[in-house]
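Chemist: Dropping a structure here in structure tokens format, bear with me for questions.
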Amino acid sequence: MSLLNGKVALITGGSRGIGEAIVLKFAQQGADVAFTYLSSEDKAQSVVQAAQQFGVRAKAYKSDAADYTEAENLITDVLNEFGKIDVLINNAGITKDTLMLRMSEEQWDQVIEVNLKSVFNLTKHVLKPMMKQKAGSIINMSSVVGVFGNAGQANYAASKAGIIGFTKSIAKEVGSRNIRCNAIAPGFIETDMTHILTEDQKKAYIDSIPLKRLGNGNDVAEACVYLGSDMSTYVSGQVLSVCGALNT
Ligand code: NAP
């Protein structure tokens with residue numbers, strides 16, 4: 001069954017990790033996929049080729065999600081190329097972890113701009129075309145850390161909690177236009193972002209997760225398929241945890 005046949009999805013940060021898994025899962029489900037990256041040009045092109053194997057259109061765009069004008073140009077370019085955007089997934093994100101006493105203004109600003117301002121940038125520019133087509137699904141990548149907080153991640157937790165407030169507000173603002181907006185709160189997902197964890201740290205996390213494993217990109221991508229597809233047309237303003245019951 002192809003759950004996303006005929007849909008066009010734009011995914012930020014699709015060159016690696018969770019974003020790459022979303023691009024490929026959406027392509028497998030029949031969606032045409034546009035995605036962004038910041039610097040991984042070769043990796044992005046190999047993801048394009050892998051997505052095209054599913055017989056869909058796929059294109060990678062080098063675009064800094066934290067930059068307001070680049071985001072505006074991106075939406076214009078994707079609309080020109082693909083004709084519409086049915087699903088926007090604000091997935092691009094970074095960490096700059098350190099304890100508050102050591103955190104520089106730059107580490108704070110970078111994380112807020114890439115993780116939170118990017119969500120404003122892309123959503124702002126996709127809303128008008130979605131309003132015109134009287135439909136759309138926006139999915140924002142939060143984190144369990146945005147719900148619980150985490151020592152050493154005050155900047156990251158603030159950005160991810162901000163995404164949740166933003167998501168609920170947009171859901172209320174544009175629900176009458178048949179535009180849905182939801183957030184996903186992944187737990188610990190094995191990607192480059194979590195490769196810095198030591199084996200001991202990973203073991204400690206696994207011990208605390210009721211499903212007794214770290215998550216993978218596909219676990220999150222499947223949730224995106226649900227929220228991006230017509231399986232969830234009455235679901236909006238929600239935060240879906242994909243965390244092995246950690247957030248319970
Ligand atoms: P990742 O493996 O580090 O990949 C990050 C992706 O974002 C890459 O494609 C990267 O592009 C792109 N990116 C970074 N800065 C960007 C910018 N300014 N503009 C456009 N693209 C940018 O990260 P991940 O683990 O897959 O995380 C994806 C999302 O899930 C993030 O929002 C993260 O906070 C969230 N999340 C992750 C976990 C986890 O355990 N991994 C848990 C909860 C939430 P380049 O390849 O060009 O650098």
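Chemist: Work from the charge dipole of the chain (Cβ charges, +1 for Lys and Arg, -1 for Asp and Glu, about the Cα centre) and give the residue of G215, V47, S236 farthest towards its positive end.
Modeler: It is S236.
Chemist: Under 14 Å from the Cβ of G83, count the other residues' Cβ atoms, weight Lys and Arg +1, Asp and Glu -1, and hand me the total.
Modeler: Counting the neighbours of G83, the net charge comes to +1.
Chemist: Can you give me the Cα centroid spacing of the stretch 172-248 and the stretch 54-109 in angstrom?
Modeler: For the stretch 172-248 versus the stretch 54-109, the Cα centre distance is 18 Å.
Chemist: Dipole size in debye (nearest 20) for the stretch 8-240 around its Cα centre, Lys and Arg Cβ +1, Asp and Glu Cβ -1?
Modeler: 760 debye
Chemist: Okay, next question. Skipping prolines and chain starts, which residues have an amide H placed within reach, meaning under 5 Å, of the one on A58, given they are 5 or more residues away or on another chain?
Modeler: Result for A58 returns V33.
Chemist: Moving on. Could you name the lysines whose alpha carbon sits less than 18 Å from that of K96, not counting residues in the same chain fewer than 8 places away?
Modeler: Within the straight-line cut-off, K96 pairs with K117, K160.
Chemist: Using θ = phi - 60° and the Karplus relation 6.51 cos²θ - 1.76 cosθ + 1.60, list the HN-Hα couplings for the stretch 178-188 in order, rounded to whole Hz, with x at every Gly or Pro.
Modeler: The phi angles translate into 6, 10, 9, 9, 10, 10, 10, 10, x, x, 8 Hz.
Chemist: Residue by residue through the stretch 134-140, which ³J(HN,Hα) values in whole Hz follow from phi under the Karplus form 6.51 cos²θ - 1.76 cosθ + 1.60 (θ = phi - 60°), with glycine and proline marked x?
Modeler: So the Karplus estimates, Gly and Pro as x, are 6, 6, x, 10, 10, 10, 10 Hz.
Chemist: Here is a further query. So what are the radius of gyration and Dmax for the Cα set of the stretch 103-144, in Å?
Modeler: 13.7, 44
Chemist: Okay, moving on. Which residues' amide hydrogens lie under 5 Å from the amide hydrogen of G215, considering only partners 5 or more residues apart or on another chain, with H built in the peptide plane?
Modeler: Result for G215 returns F188, I189, E190.
Chemist: Here's a follow-up. Under the rule a/c < 1.5 gives rounded, and otherwise a/b versus b/c splits prolate from oblate, where does the chain land using the Cα gyration tensor?
Modeler: Rounded shape, in that the Cα axes give a/c under 1.5.
Chemist: Right, another one. Among the complete DSSP H segments of the chain, which ones combine at least 18 Å of alpha-carbon extent along their axis with a mean Kyte-Doolittle hydropathy of 0.0 or more?
Modeler: In the chain, the long hydrophobic H runs are 154-174.
Chemist: Could you give the longest part of the chain that holds none of the trypsin sites (Lys or Arg not before Pro) found in DSSP loops with at most 12 neighbouring Cβ atoms within 10 Å?
Modeler: 1-133
Here, each number is a calculation from the coordinates, and none is a lab measurement. Values in this document were obtained by computation on a predicted structure and should not be read as measured data. Note that we place each Cβ from the backbone using ideal geometry, even for glycine, and neighbour counts take in every protein chain shown.
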